[in-house]
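One structure is given here, and the rest of the page talks about it.
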Amino acid sequence: MSVPPPPFDPELAAALAAVGEEIPSSVTPEMLPALRAGGAARAPGPAVDMTLDGSFQEKEYTARGTDGAEVPLTVWRTERTTAATGVLYWIHGGGMVAGTHRGWEIPTLLEYARELDLVLVSVDYRLAPEHPHPAPVEDCYAGLEWSVGHAAEIGADPARLVVGGLSAGGGLAAATCLLARDRGGPQALGQLLLCPMLDDRNDSVSSHQMAGVGVWDRVSNATGWGALLGDRAGGPDVSPYAAPARAEDLSGLPPAFLDVGSAETFRDEVVDYASRIWKAGGNAELHVWPGGFHSFDGFAPDAVLSRSARQQRLPWLRRILSD
């Protein structure tokens with residue numbers, strides 16, 4: 001399949017040139033140590049204040065996974081937390097193979113949490129390939145159950161819960177909501193899915209269009225899914241709790257907010273997922289940002305398109321939490 005890629009937003013294209021010097025478009029398995037090291041160097045370290053100048057208290061907790069593993073959680077809450085305070089349960093990105101639960105997106109999420117009087121919980125799930133499926137999603141589910149079960153301890157209302165994630169974390173957030181539905185587990189008011197990684201088949205038009213271009217291309221995607229699923233990736237027997245696009249039934253899920261760039265690998269699978277939620281009688285709000293590359297608002301936070309994308313999430317969260 002040979003299809004030219006859509007154009008990048010001019011302002012983002014300039015930022016992408018600088019990003020390309022640090023993160024190649026195509027990540028192969030041999031490059032994972034360097035990818036992790038680079039991500040760790042860019043992430044806020046433990047000495048960096050992540051409390052919005054003291055607006056939040058930051059505290060570490062541990063959940064117990066289904067296989068007995070310890071699942072670290074970081075919780076941010078304010079002094080004015082009340083019994084009606086909701087929870088934003090967050091799952092970080094990193095292609096299933098990298099990333100940290102104390103990453104670059106946390107300050108923006110804390111802004112949302114301060115505006116809406118929320119507790120923010122971020123889960124440090126185990127990474128592939130050392131911990132293939134189902135370890136990552138089971139860790140995320142364990143953290144979700146812990147957040148609801150310990151709501152009184154962290155000062156939150158378990159009935160006012162939103163599950164969210166970015167990239168691989170967005171895919172894990174969708175999978176966690178599928179697990180919760182099918183297990184009769186914690187029911188979220190909404191799922192905030194930012195450029196989510198949903199489909200291991202890696203064969204959409206957008207995945208071919210963006211081969212060798214932008215951030216996280218088809219080769220990188222194959223690396224991430226291969227780490228998570230091994231030889232099963234792209235085959236007939238992949239669980240929807242690994243790749244939510246494989247789910248045959250998308251009914252009965254929390255309302256979803258999905259966004260994605262028009263110039264990224266995940267575009268078509270995100271659009272299809274939203275469409276299938278609507279076809280199942282569900283509620284989804286979809287934004288496709290013209291000229292946006294993968295996770296553009298993180299790499300170029302001051303770009304006009306990035307500011308526009310971030311501004312759409314807070315009103316959705318406010319509506320969902322006030323219903």
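Throughout, read-outs are computed from the coordinates displayed, never taken from laboratory work. Just so we're clear, the structure is a prediction, and the values are computed from it rather than from any experiment. We place every Cβ from the backbone using ideal geometry, glycine too, and count neighbours over all the protein chains shown.
When the dipole is taken about the Cα centre of the range 177-308, and only Lys, Arg (+1) and Asp, Glu (-1) are charged at their Cβ, what size is it in debye, to the nearest 20? Kindly include the intermediate steps, with their values, before the conclusion.
Working: 10 positive and 17 negative charges, 40 e Å.
In debye, rounded to 20, the range 177-308 gives about 200.
Tell me the Kirkwood hydrodynamic radius of the range 164-276 in angstroms, computed as one over the mean inverse distance between distinct C-alpha pairs. Before the final figure, lay out the partial values.
Numbers: mean 1/r = 0.0714 Å⁻¹.
Across the range 164-276, the inverse of the average 1/r is 14.0 Å.
How compact is the range 212-283 by the rule of thumb for globular proteins, expressed as Cα Rg over 2.2 N^0.38 Å? Write out the running numbers ahead of the final one.
Working: Rg = 13.5 Å, N = 72, 2.2 N^0.38 = 11.2 Å.
Rounded to two decimals, the normalised Rg is 1.21.
Rank THR265, GLY165, PHE296 by how far each Cα sits towards the positive end of the charge dipole of the range 162-299 (+1 on Lys, Arg Cβ; -1 on Asp, Glu Cβ) and give me just the farthest.
The listed residue farthest towards the positive side: GLY165.
I need the semi-axes of the equivalent ellipsoid of the chain: take the C-alpha gyration tensor, multiply each eigenvalue by 5, square-root it, list largest first in whole angstrom.
Values: eigenvalues 155, 95, 80 Å².
Result for the chain: semi-axes of 28, 22, 20 Å.
Would you mind computing, in nm to one decimal, how far apart the modelled labels at ALA159 and ARG36 are, each placed 7 Å from Cα along Cα→Cβ?
Distance between label points: 4.3 nm.
Compute the helix-to-body angle for 135-149: its Cα long axis versus the longest principal axis of the chain, expressed 0 to 90° and rounded to tens.
So the inclination is approximately 20 degrees.
How far is it, in nm, from the label point at SER322 to the one at ASN283 when both lie 7 Å from their Cα along the line to the Cβ?
Label-label distance for SER322 and ASN283, simple model: 1.3 nm.
Just flag the trypsin sites (Lys or Arg not before Pro) in the range 30-83 sitting in loop per DSSP whose Cβ has no more than 16 other Cβ atoms within 10 Å. Numbers along the way, then the final one.
On the way: sites: ARG36, ARG42, LYS59, ARG64, ARG77, ARG80; in loops: ARG80.
Sites meeting the loop and neighbour criteria: ARG80.
Where in the range 290-305 does the amide nitrogen come within less than 13 Å of the point 7 Å from the Cα of GLN311, taken along Cα to Cβ?
Counting backbone N atoms under 13 Å from the label point, the list is 303-305.
Just the ratio, please: alpha-carbon radius of gyration of the range 64-164 over 2.2 N^0.38 Å, N its number of residues. Show your work: numbers first, answer last.
Working: Rg = 13.5 Å, N = 101, 2.2 N^0.38 = 12.7 Å.
Compactness ratio reported: 1.06.
Calculate how steeply helix 304-322 sits against the longest principal axis of the alpha-carbon atoms of the chain, using the helix alpha-carbon long axis, and give the answer as 0 to 90 degrees to the nearest 10.
In the chain, helix 304-322 runs at an angle near 40 degrees to the longest axis.
Taking every DSSP beta bridge that has both residues in the chain, what percent is antiparallel when rounded to the nearest 5?
Counting DSSP beta bridges with both partners in the chain, the antiparallel share is about 30 percent.
Note the angle between two axes, namely the Cα long axis of helix 168-183 and the longest principal axis of the Cα atoms of the chain, as a number of degrees from 0 to 90, rounded to the nearest 10.
Once rounded, the angle reads 60 degrees.
Can you tell me the alpha carbon radius of gyration of the range 281-323 divided by the globular rule-of-thumb value 2.2 N^0.38 Å?
After normalising by residue count via 2.2 N^0.38 Å, the value is 1.33.
Could you work out how much longer the chain between GLN187 and GLU115 gets when fully extended? Use 0.36 nm per residue separation minus the Cα distance between them, nm to one decimal.
Numbers: separation 72, 0.36 × 72 = 25.92 nm, distance 2.30 nm.
The GLN187-GLU115 span can extend by a further 23.6 nm.
Using +1 on the beta carbon of Lys and Arg, -1 on that of Asp and Glu, and nothing else charged, what's the dipole of the chain about the Cα centre, debye to 20?
Numbers: 24 positive and 41 negative charges, 93 e Å.
Roughly 440 debye, rounded to the nearest 20.
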